[in-house]
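Heads up, the thing below is written out as structure tokens.
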Amino acid sequence: MIVDNLTDLIPVRDEVQSFLNKTHRLLIGGNWVEAAEGETFEVINPADKKVISHVARGRKEDVQRAVAAARKTFDSGVWHRKIGPRTRGKMIWQLADLMESRADDFAQLESLDNGKSIKVARGADVQLAIDMFRHFAGYADKLGGETIPTEVPYTPGARYLNYTLREPVGVVGQIIPWNFPLLMAAWKVAPALACGNCVVLKPAEQTPLSAILLGELIQEVGFPAGTFNLVNGFGDAGAALAAHMEVDKVAFTGSTEVGYEIVKASAGNLKRISLELGGKSPNIIYADADIEGAIKGAASAIFFNQGQCCCAGSRLFVERDVYDQTVEGLSNIGKNIRIGPGMHPKTEIGPLVSEEQFRRVSNFLSSGRKDGAKAVVGGNPCSGDLSQGYFVEPTVFTETKPDMSIVCEEIFGPVLTVIPFQDPEEMLKWSNDTQYGLAAGVWTKDVSKAHRTAEMLKAGTVWINCYNMFDAASPFGGYKQSGYGREMGKHVLELYTQVKSVWVGI
């Protein structure tokens, strides 16, 4: 359902328009600089395909300059030794305060750049990003080691003091995706800085704007030059960062295919890697669930953020007794979701992020119909007034088969397959029959059944009677080819620190 009055958009704030009017540069060594080759690229609003800003395009030489700046700063110890941990935490908290003061600006940039609903951008993305910085500001002065009682068998009678230090890894390259630009930056930058590392951030070329504003605020706080560096660019810049011999660790969120390349590139100096990759998450509705609540939850699990979520509940398994009711409920929701530009106040689903993503999802819709699946709602790109942007209809497919591409492959769009089951054991085999293992959902009133099912699912996160719940204190990451390492929570500290064991003879 198209929103009323498509052109009745929220006015762009003066501060945001001024920001968009700039040609943005790279942040290297504390200075905003032109790209080495002088190139720029256009930033497109996916709601109408219009150019909204221009950004410098970094390449290999720019990555080398940024890494050199980060290495110089880290080796000087100015960030992790000369500035005390409590002061470091205060600076990160001050950054969160500045972000909060610019929350509306961030939200509009995310909506214009990515296409997502302004309500989602303001209520989820921006607030969660701020929470990330505040949460990890508190860890900066709590990264202590431990003392270990020892008895060395080949030096009888000798005494030793053995203690550990938890130290930063060093120079960290971070490559983030376009679906949650600011939030994914926060997931990586906040803990890395809190642990004392220096960062080179490479945002997705489709959505560079919120990271640039973040960089401006980091400069405003007064972080030491070279602590945070920003290189916008395309895949060649990301590849140069992943392969750089002076980068000690790479954190990547994106497709599994690119994740393979990141791992290969890391071999040159055996740099540490953490990966948060693709997903094809199962969502399970048992007959004893609160069916109305489960239907709403399942719809949100797939349609939230236009389905452009690595953990989207894209495979819905429904117990046979409530299958028809569930399909009908999902169809009604899909038909009535309000589709429109992200800056429209009533939009619930905006456009896909780019022409490439629009073509990808459209091809999956075509292949699903061709393979014999039935679209009970949606199933096509949007036409009419919405054809000016990268809009597709919220889609629910039934009558699918396990070998269909819409069932097996990650679509990354608002496309759901609904599969009935009678035997719970067989359903669990289907749920786990995928190369991915990022997330899963379970809907039931039976507490024992809920816990048993969660135990059997091969996924890094399982939501029970809810979906897409996140908190800076709770870890997130995947099993199998959905990656390794955990973002958020105390577990992320393992990604950005290393342990040194010190022995002292007494």
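The values are calculated or read from the model by the stated rules, or taken from the named source; none is laboratory data. Owing to the predicted nature of the structure, the values given are computational and were not obtained by experimental measurement. Every residue, glycine as well, gets a Cβ built from its backbone with ideal geometry; the counts of neighbours run over all protein chains shown. For accessibility, only protein heavy atoms count, side chains too; no ligands or nucleic acids. Shrake-Rupley method; radii C 1.70, N 1.55, O 1.52, S 1.80 Å.
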Query raised in the report: Applying the selection to the range 473-496, what residues are surrounded by fewer than 22 Cβ atoms within 10 Å (Cβ to Cβ) and part of a loop (DSSP other than H, G, I, E, B)?
Result: A473, S474, P475, Q481, G485, R486, G489
Query - Index of the failed condition, S210 passing every other in (1) among the hydroxyl-bearing types (S, T, Y); (2) surrounded by fewer than 24 Cβ atoms within 10 Å (Cβ to Cβ); (3) part of a helix (DSSP H, G or I) - result: (2)
Query raised in the report: Does W503 count as in a strand (DSSP E or B) and open to solvent by 30 Å² or more (accessible area, probe 1.4 Å)?
Result: yes
Report task. Filter the range 24-38 for residues that are of a type in the set (A, V, I, L, M, F, W, C), open to solvent by 30 Å² or more (accessible area, probe 1.4 Å) and either in contact with a Ser or Thr (Cβ under 9 Å, 6 or more places away or on another chain) or not in a strand (DSSP E or B) (or both) and give the result. Result -> A36
Report summary line: N229 meets each of (1) open to solvent by less than 10 Å² (accessible area, probe 1.4 Å); (2) assigned to a helix (DSSP H, G or I) with one exception, condition (2)
Query - Near pairs, Cβ below 7 angstrom, 6+ apart or cross-chain, from the range 450-476 (of a type outside the set (D, E, K, R)) to any residue that is part of a loop (DSSP other than H, G, I, E, B) and open to solvent by 40 Å² or more (accessible area, probe 1.4 Å) - result: W463/M469; P475/R486; F476/F470; F476/R486
Report summary line: Taking the range 109-130 and keeping only residues that are open to solvent by 10 Å² or more (accessible area, probe 1.4 Å) and either in contact with a strand residue (DSSP E or B) (Cβ under 8 Å, 6 or more places away or on another chain) or not β-branched (V, I, T) (or both), one is left with L112, K119, R122, G123, A124, Q127, L128
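Can you find, within the range 1-21, the residue that is farthest from V392 (Cα to Cα) among those that are of a type in the set (D, E) and in contact (Cβ under 8 Å) with a residue 40 or more places away in the chain?
The first filter runs over the range 1-21 and keeps only residues of a type in the set (D, E), leaving 4, 8, 14-15.
Cutting the leftovers down to in contact (Cβ under 8 Å) with a residue 40 or more places away in the chain gives us 4, 8, 15.
Details: D4: 17, D8: 21, E15: 31 Å.
By that ranking, first place goes to E15.
So that you can scan it fast, the table gives a plain yes or no per residue for (1) open to solvent by less than 10 Å² (accessible area, probe 1.4 Å); (2) at pLDDT 95 or above; (3) out of contact with any Leu (no Cβ under 9 Å at 6 or more places or on another chain):
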site: A239; (1), (2), (3): no, yes, yes
site: K249; (1), (2), (3): yes, yes, no
site: C310; (1), (2), (3): no, yes, no
site: R320; (1), (2), (3): no, yes, yes
site: Y323; (1), (2), (3): no, yes, yes
Report task. Report yes if some residue within the range 335-343 is open to solvent by 10 Å² or more (accessible area, probe 1.4 Å) and over 23 Å from N179 (Cα atoms); otherwise report no. Result -> yes
Query raised in the report: Got a sec? Which of V361, V392, V353, V377 is touching a Ser or Thr at 6+ places or on another chain (Cβ under 6 Å) and of a type in the set (A, V, I, L, M)?
Result: V377
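Could you tell me which of the residues L277, L270 is in contact (Cβ under 8 Å) with a residue 60 or more places away in the chain and out of contact with any Lys or Arg (no Cβ under 9 Å at 6 or more places or on another chain)? If you could, list the steps in order and put the result at the bottom.
Working: L270 fails: in contact (Cβ under 8 Å) with a residue 60 or more places away in the chain.
Only one candidate qualifies: L277.
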Query raised in the report: So which residues in the range 69-98 are crowded, with 20+ Cβ neighbours inside 10 Å and closer than 19 Å to L241 by Cα?
Result: A69, A70, T73, F74
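Taking only the range 338-352 into account, find how many residues are within 14 Å of G307 (Cα to Cα) and not β-branched (V, I, T).
In the first step, residues of the range 338-352 are kept if they are within 14 Å of G307 (Cα to Cα); the result is 339, 348-352.
Within this subset, residues satisfying the condition of being not β-branched (V, I, T) are 348, 350-352.
Result for the range 338-352: 4.
Considering the range 39-68 alone, what residues qualify as being assigned to a helix (DSSP H, G or I), open to solvent by less than 20 Å² (accessible area, probe 1.4 Å) and of a type in the set (A, V, I, L, M)?
First, the residues of the range 39-68 that are assigned to a helix (DSSP H, G or I): 60-68.
Still in the list and also open to solvent by less than 20 Å² (accessible area, probe 1.4 Å): 62-63, 66-67.
Hits for the range 39-68 are V63, A66, V67.
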Query raised in the report: How many residues, within the range 132-187, are within 18 Å of the chain's Cα centre (by Cα) and either open to solvent by 60 Å² or more (accessible area, probe 1.4 Å) or aromatic (F, W, Y) (or both)?
Result: 5
**Report entry** Criterion (within 13 Å of the chain's Cα centre (by Cα) and under 30 Å from K82 (Cβ atoms)) met by exactly one of P224, P191, P203
**Finding:** P203
